[in-house]
């Protein structure tokens, strides 16, 4: 029967490692973490920004005015 290891336990053990073994641990974990992050990012669809300002009744004149205010001389 396997037991769950907590983060605190892992950190305590990692703290006891030599610098070389800490680097080896990071080299071993980093590729796994990268794959997991890529997988989770690929599965999560991005929300479309199309129609973000819909219903706010912003006119073309207001947009032009704001653009002119933003111009740096």
Which of (1) 18.3; (2) 17.5; (3) 15.1 is the computed Kirkwood radius over Cα pairs in Å for the structure on display? (1)
As a check on your grasp of the helix formula, calculate [θ] at 222 nm for the chain: sum -39500 (n - 2.57) over DSSP H runs of n ≥ 4, divide by the residue count, round to the nearest 500. -20000 deg cm²/dmol
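Taken together, the values in this text are just the output of simple stated rules run on the coordinates, not laboratory data. None of the values given here were measured: they were computed from a predicted structure.
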